[in-house]
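Taking it in order: structure first as structure tokens, then the write-up.
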Amino acid sequence: MSLKNLHAMPWIGEHPVLDLANTVVCGAGPDRSDVDLLASPALAGAWRERTAARGLAALPLDELTRLRAPVRTALEAAARQDPLPEAERVHLNDLAARAPVTFEVGEDGRLGEREGGGPAAAAAARQTLVLAAGPEQARLRRCPAPSCGMFFLARRRDQSWCSVGCGNRARSARRQPAGPR
């Protein structure tokens, strides 16, 4: 991933929980190390400006980092279609219990949900559980492209990469000759 894309963060804005989980860019740093957007003041500030998750953006950095760990673990398991690890499941359930949800019938006559407030971390935990164990779980993927690793919701059943750029990078990497033997 280019430095320009790292600062532009084109992957931010799809889903509040994915915005939080995708603050780690796998293999994009020097020596293919992970880049933690929340560890850099400039990148953390850029993320706070771009994310649609305004409640999360307002949280202190240490709270965001603590919340991100169980969210990423739950999404990793869900993307593999594995059960949620017990510790994360219990922790996210406890947090989510603090995020009230109300039901209402819309003008179209359909039942809908509306978040009734509560702490931003609790709402994120509830949204993580819905994403990791609800009907969208089948669409949840983790991008296998070099220097990515982003979580995304597939728009097609056969979608493998989070973006066209990642697909191009992955295909290019496959065509590269193997290193010296």
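The values are calculated or read from the model by the stated rules, or taken from the named source; none is laboratory data. Everything numeric here is computed off the predicted structure, so don't read it as measured data. Cβ: placed from backbone, ideal geometry, glycine included. Neighbour counts: every protein chain shown. Accessible surface areas use protein heavy atoms only, side chains included; no ligands, DNA or RNA. Shrake-Rupley method; radii C 1.70, N 1.55, O 1.52, S 1.80 Å.
Some points to look at:
- Members of the range 146-165 that are at pLDDT 85 or above and surrounded by 19 or more Cβ atoms within 10 Å (Cβ to Cβ): Cys148, Gly149, Met150, Phe151, Phe152, Trp161, Cys162
- Qualifying residue in the range 32-46 (condition: in contact (Cβ under 8 Å) with a residue 60 or more places away in the chain, out of contact with any Phe, Trp or Tyr (no Cβ under 7 Å at 6 or more places or on another chain) and open to solvent by less than 40 Å² (accessible area, probe 1.4 Å)): no
- Screening Ala145 with (1) part of a loop (DSSP other than H, G, I, E, B); (2) of a type outside the set (Ser, Thr, Tyr); (3) in contact with a helix residue (DSSP H, G or I) (Cβ under 6 Å, 6 or more places away or on another chain); (4) within 23 Å of Thr65 (Cα to Cα) gives one miss only, at (4).
- Residue, modelled with the lowest pLDDT, within the range 83-100, restricted to residues that are outside any helix (DSSP H, G or I) and open to solvent by 50 Å² or more (accessible area, probe 1.4 Å): Pro100
- Residue list for the range 101-142, restricted to those being open to solvent by 40 Å² or more (accessible area, probe 1.4 Å), touching a residue at least 12 places away in the same chain (Cβ under 8 Å) and not in a helix (DSSP H, G or I): Val101, Thr102, Glu113, Arg114, Glu115, Gly116, Gly118, Pro119, Arg141, Arg142
- Considering (1) part of a loop (DSSP other than H, G, I, E, B); (2) farther than 21 Å from Arg126 by Cβ, the lone condition that Leu43 does not fulfil carries the number (1).
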